Protein chains: 2
Amino acid sequence: MAPPAGKSSKAAAATKAAPEPAQKAAKTHPPVSPLAPKSPAKLAPISGVRIGAGQAGIKYEGRDDVLMAVLAPGTTVAGVFTTSKTCSAPVDWCRAALAQKSARALVVNSGNANAFTGRNGVEAARATAEAAAAAAGCRPQEVFLASTGVIGEPLPVKKITGILPDVYENTGATAWDQAARAIMTTDTFPKMATATAMIDGQAVKINGIAKGSGMIAPDMATMLSFVFTDAAIPPDVLQQLLTQGNEISFNAITVDGDTSTSDTLLLFATGKGARHNPITRLLDKRLDDFRVKLNGLLQDLAVQVVRDGEGATKLIRINVSGAESPAAARKIGLSIANSPLVKTAIAGGDANWGRVVMAVGKSGEAANRDKLSIKFGGHRVATQGVRDPNYSEALMTRYMQRAEIEIDVDVGIAKGAFGVWTCDLTHGYISINGDYRS
Amino acid sequence: MAPPAGKSSKAAAATKAAPEPAQKAAKTHPPVSPLAPKSPAKLAPISGVRIGAGQAGIKYEGRDDVLMAVLAPGTTVAGVFTTSKTCSAPVDWCRAALAQKSARALVVNSGNANAFTGRNGVEAARATAEAAAAAAGCRPQEVFLASTGVIGEPLPVKKITGILPDVYENTGATAWDQAARAIMTTDTFPKMATATAMIDGQAVKINGIAKGSGMIAPDMATMLSFVFTDAAIPPDVLQQLLTQGNEISFNAITVDGDTSTSDTLLLFATGKGARHNPITRLLDKRLDDFRVKLNGLLQDLAVQVVRDGEGATKLIRINVSGAESPAAARKIGLSIANSPLVKTAIAGGDANWGRVVMAVGKSGEAANRDKLSIKFGGHRVATQGVRDPNYSEALMTRYMQRAEIEIDVDVGIAKGAFGVWTCDLTHGYISINGDYRS
């Protein structure tokens, strides 16, 4: 994996598009993605975090649709958000709240994105934060918010504020699975990951949950992820860790190239489990293991989002090397990963390296046509500007039956490298997104 | 329609992706697109142009696959090409030949793109040009080339050079329909357009043919278009006319956002029908009618390519206004036109303006969320940052049944405007591109 592409202003999952579930699909409980992890991660308590969920009935019946996390005093926070110019009210709220550099609560609802809701949407966000602050005994500016679901519909905010006191009372140390389920739209499985890192020879924990890649009628994508640690890390350092980790995780995945109005990634550090001496700077050697574990956890969650990409039957990893820079490699990788022709070919079990050549070419980044090298599953299929002389159609046909496909592309210019993940493009995608009114 | 976006270096159809036919599809003669023009244009002779076709058997059996046009001495030429960094050998050849500013012949083959074919591909292009030059009695550098079809396969060039003398002998004034069919891959209909323009009170003719949007196993997109006029226009002026016309035609369409290695648009002016006095500069008032007619013809051909987009059931026109500049409006328009979520919604008959909001937001161009206005078929669905109070689901559902859908988006910033065309994304697209090896 390459180092971060150095575009720290690029927000979480800016290039991905986890679209949301058709209402019908939500009702009919679509089957769990064939790419889902075999067994979900088990998340242990994190000191300083109480978590819970409740039923507000915003859109879904008979299931939790509001998540609340309560954070110990002194919790620091970092966030990255959608780059969309039409972002949701909760995203605007979080950006402003982030300036406070401390967090005491998180409230997330599913079923309504509170996006393109005008002045009422801004008021709904404020009302939610005020209700949570009243329950948790903090200032509204210390409450972080996210919403996912239908856009353009007014958020029935009283349904949320009405249950928040009860949800607050029921928060506890263990409800991670319940929390991960409450933020699903029509994700087909809850997304969770956990890790333990050493700082100063002391263990700290990291838990994360995410949602994304389901679809919700009549609307579009949202990717949300919330990560909690009991390490003690000051907000500026936390923000840099998160921004860098995001670049090689949520910012390195795509389902269909569409960007949500609501993409939100937040990292909370309570400091309550920490016996380590204070961290003050990003390059502190004592952060090395934490950085590695955090990045691994973010990648785990990001890849789970791709595994739940709508209609996905294959997980695709694309490693680009030989580019002018890591940023150029990332652009080439996403050009391949977003190409409908590449994605449909892989869905059809076709090692169509010609379409990969096309996608490299259209990226606009420097590539040497006559030095281009392409491998599928480690088998070289194209080299030095022509098909590999040892290309075996039979070998490729066997390899392409796998559920996880790896493509290596060296563009022959310099040393820039980056890896991205995507999924295939199938009839399932068309059905989920286009058939529900037919 | 907005003025050109001012990016004259952006080549023909750089943003579109007319992918090519599955071999199977070619054999089974897929049905003509439901969006095909009711009756094909009838093209009359153009003084100074002889045209013909022949069967080289490169890939297809029992049909023409080589086009040759022979151009009178003194013919000027202009061209725009793919922006792909992995362009084909014929594109490289044409770029070099264009520097000569004169053309005596055009040779196009279907069935093999001569792309990613390395040194052999360069030699094949040269051999084709030399054979055509020998037949036509001109220099190889006055021969223009294009190839469309499989990439990565060696071009069986002797099959082409072997029949060129015969094809040359059989060129004539009338074989436009035959020529348009010879360059098809699995286009479902030949694409032709014709116009008459007045220069100095004298009529001049313009004929154009194009191919694109079919699919060819195992490879990808090519859009080719060749336009001929008997007007007398010097090469520099001709190039500027073509570059500007391309911006609002082939550069304003997209099928799936994939860019070919081979996109080529050439305009030849023989001067042989011209009784008008010499044209020397672009802003000559006497060119006004020619410019209008040329642009109309280029748009006609470009929209025919979209009408033949693989799996297309709806033609979609997207008009963006209120942007910072025409270039910004174009970027927003293509962001909408390339969004799989927008395209699948329209396939499903869903006036999903929420996905249009998303696509505006992800374009990265300035947009005022709270002034955004969206219309479907002239009916306003969103205004001032919220759903239009008069929104009628019943009205929209009726409108969305139409085969041609128009979307107007005003982003509320300034006066930049641009219009683009696309088609919907259907199960047909997935089948054509992904199913052929299943």
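A few points about this structure:
- Crossing angle, helix A:157-169 versus chain A [Cα axis fit, 0-90 degrees, rounded to tens]: 80
- By average C-beta atoms within 10 angstrom, highest first, the peptides A:325-337, A:383-395, B:312-324: A:325-337, B:312-324, A:383-395
- Rg of the Cα atoms in region A:246-391, relative to 2.2 N^0.38 Å, amounts to 1.30.
- Taking the label point 7 Å along Cα→Cβ, B:D288 and its counterparts in the other copies are spaced 7.4 nm apart, in ascending order.
- Note on region B:45-143: percent of Cα-Cα distances in each 10 Å bin, starting at 0 and stopping at the bin with the largest distance, equals 15, 46, 34, 5.
- 3J(HN,Hα) along region B:402-411, derived from phi through the Karplus expression 6.51 cos²θ - 1.76 cosθ + 1.60 where θ = phi - 60°, amounts to 5, 7, 10, 10, 10, 10, 10, 10, 10, 8 Hz, with x in place of Gly and Pro.
- Label-to-label distances for A:S39 across copies, nearest first, come out at 7.2 nm, using points 7 Å from Cα in the beta-carbon direction.
- Intensity falloff of chain B expressed as log10 I(q)/I(0), Debye formula with alpha-carbon point scatterers, at q = 0.11, 0.13 Å⁻¹: -0.81, -1.09
- Least to most buried among A:D187, B:D350 (fewest other Cβ within 10 Å first): B:D350, A:D187
- Of all DSSP beta bridges in region B:56-205, antiparallel share, percent nearest 5: 55
- Peptide B:114-125 is shielded by partner chain Cβ atoms: per residue, an average of 3 of them sit within 10 Å of its Cβ.
- Degrees, to the nearest 10: A:353-362 long Cα axis against longest axis of chain A: 60
- For region B:363-378, 3J(HN,Hα) per residue [Karplus equation, 6.51 cos²θ - 1.76 cosθ + 1.60, θ = phi - 60°, Hz, x = Gly/Pro]: 5, x, 7, 4, 8, 9, 3, 8, 10, 4, 10, 10, 10, 10, x, x
- For A:T86, distant residues with modelled amide H under 5 Å away: B:G361
- Restricting the trypsin sites (Lys or Arg not before Pro) of region A:41-123 to loop positions (DSSP other than H, G, I, E, B) with no more than 16 neighbouring Cβ atoms within 10 Å leaves A:K42, A:R63, A:K101.
- Fraction in percent of alpha-carbon pairs per bin - 5 Å, region A:315-434: 2, 13, 23, 25, 19, 11, 5, 2, 0
- Take each residue of peptide B:334-342, count the partner chain Cβ atoms within 10 Å of its Cβ, and average: the result is 5.
- Calculated on alpha-carbon atoms, Rg and Dmax of region A:90-248 in Å: 16.1, 50
- B:A173/B:K38 FRET efficiency (R0 30 Å; Cβ-Cβ; nearest 0.05): 0.70
- Rounded to the nearest 5, the antiparallel percentage of DSSP beta bridges internal to the protein assembly as shown is 70%.
- Mean sequence separation of contacting Cα pairs (under 8 Å, at least six apart), scaled by the length of region A:23-307, corresponds to a relative contact order of 25 percent.
- Between the amide H of A:F144 and those of A:R104, A:A105, A:L106, A:V107, distances stay under 5 Å, these residues lying 5 or more places away or on another chain, with hydrogens modeled in the peptide plane.
- Around the amide H of B:G172, modelled in the peptide plane, lie the amide H atoms of B:I51, B:G52, all under 5 Å away and 5 or more residues distant in sequence or on another chain.
- Mean projected area (nm²) of the alpha-carbon convex hull when the protein assembly as shown is viewed from all directions: 34.3
- Per residue, chain B reaches -9500 deg cm²/dmol at 222 nm when only DSSP H runs of four or more residues are counted, each adding -39500 (n - 2.57).
- Exam field: A:N120 pseudo-label spacings to other copies (7 Å along Cα-Cβ), nanometres: 6.6
- Considering region B:123-178, its Cα convex hull presents a mean projected area of 4.5 nm².
- Taking the C-alpha atoms only, the angle from helix A:118-136 to the longest principal axis of chain A is near 60 degrees.
- Taken residue by residue and averaged, Cβ atoms of other chains lying within 10 Å of the Cβ of A:77-88 number 4.
Laboratory data are not the source of any read-out in this text; all were calculated from the coordinates shown. For clarity, every value in this text was computed on a predicted model and none was experimentally measured. Virtual Cβ from ideal backbone geometry, glycine too; neighbours counted across all protein chains shown.
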